[in-house]
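Quick notes on the structure that follows.
The values are calculated or read from the model by the stated rules, or taken from the named source; none is laboratory data. Just so you know, these numbers come straight off a predicted model, no measurement behind them. Ideal geometry is used to build each Cβ from the backbone, glycine not excepted, and the neighbour counts take in all protein chains shown.
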Amino acid sequence: MKCALVTGGSRGIGRAICVKLAVQGHHMLINYKSNKEEAEKTLSLIKQAGGDGELLPFDVADKGRIQEILGKWIEANEEKHIDILINNAGIRDDSLMAWMADEQWDNVLKTNLDSFFHVTRLVLNSMLAQKYGRIINIVSLSGLKGLAGQTNYSAAKAGVIGATKALAQEVGRQGITVNAIAPGFIKTDMTEGLDEKELKALIPVKRFGTAEEVAHAVVFLASPEAAYITGQVLSVNGGLYS
Ligand code: NDP
């Protein structure tokens, strides 16, 4: 059975990715941190769309829990292969650097950057054995250009972009591609408190994007036909670069 693991699949962009990949015929592993009700909603949307999946809750910032939950799932499910991994779970905790607390830096780095290493390393072994895999990391415009108030978040996302390019070179010959998608402003819980009216004036297409529009790009990069695209960062940002 071919499986796809989406971290942070309970809400927002992750949920839209889960539904679209399920429609393509993948058994979905829906990771989340604590919001079981929303994760179950994702699973029911998957089922309504004719797909199937299961919940796999763990905190991506906690390497012990990743090993415990995901490591055990991999060991116990030898017939199921995770051939698509979407590192999507993320948080932001903005502050000007002069006032940024240690915890704000540590939490954002652990959740957005360290998680890439700990989750991907576990999944990579079976991809290497299968000689096939698609790894897609959800980064951000903030990681490409840097945004004031987000030194922690920009550093984490830029770190994932560097790791994407490096890992793509390590595993290319084994049939595994590694790419990143950099969304601009997407309408989800994460952007809830932002001044949409003011910000959308800066965006060439004059609106925030939808989670489905990001998921569409994920499905493209996750397809077998995207085999010759690796180490890339695809922006989904309505043309916003500055
Ligand atoms: P949301 O805040 O809507 O959803 C976040 C998801 O991540 C939830 O499913 C949440 O789970 C999960 N999550 C958060 N922390 C952890 C954790 N420690 N362990 C496991 N799961 C966790 O975010 P978006 O959908 O907007 O963002 C998704 C990704 O896209 C993020 O990486 C974000 O940085 C990136 N992005 C978003 C943009 C936007 O405009 N929205 C722009 C650029 C990038 P739970 O429900 O349990 O809390």
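Please tell me if Arg207 is over 20 Å from Leu109 (Cβ atoms) and more than 18 Å from the chain's Cα centre (by Cα).
Taking the combined requirement at face value, the residue satisfies it.
For the range 1-18, which residues satisfy the criterion of being in contact with a Ser or Thr (Cβ under 7 Å, 6 or more places away or on another chain) and either in a strand (DSSP E or B) or more than 9 Å from the ligand (Cβ to nearest atom) (or both)?
Answer for the range 1-18, where residues must be in contact with a Ser or Thr (Cβ under 7 Å, 6 or more places away or on another chain) and either in a strand (DSSP E or B) or more than 9 Å from the ligand (Cβ to nearest atom) (or both): just Cys18.
Kindly indicate which of Asn112, Asn125, Asn152, Asn107 is away from the ligand (no atom under 16 Å from the Cβ) and assigned to a helix (DSSP H, G or I).
Asn125
For the condition free of Cβ contacts under 8 Å to residues at least 24 places away in the same chain and of a type outside the set (Ser, Thr, Tyr), what is the one hit in Glu79, Glu68, Glu38, Glu54?
Unique residue meeting the criteria: Glu68.
Go through the range 19-35 and give me each residue that's surrounded by fewer than 21 Cβ atoms within 10 Å (Cβ to Cβ), closer than 22 Å to Ile69 by Cα and either in contact (Cβ under 8 Å) with a residue 60 or more places away in the chain or more than 13 Å from the ligand (Cβ to nearest atom) (or both).
Residue satisfying the conditions is His27 alone.
Out of Arg65, Arg134, Arg121, I need the residue that is out of contact with any helix residue (DSSP H, G or I) (no Cβ under 7 Å at 6 or more places or on another chain), surrounded by 15 or more Cβ atoms within 10 Å (Cβ to Cβ) and modelled with pLDDT of 95 or more. Which one?
From the options Arg65, Arg134, Arg121, the qualifying one is Arg65.
Take the conditions within 14 Å of the ligand (Cβ to nearest atom), more than 22 Å from Leu221 (Cβ to Cβ), at pLDDT 95 or above and in a helix (DSSP H, G or I) and apply them to Glu75. Does it pass?
Spelling it out, it is not the case that Glu75 is within 14 Å of the ligand (Cβ to nearest atom), more than 22 Å from Leu221 (Cβ to Cβ), at pLDDT 95 or above and in a helix (DSSP H, G or I).
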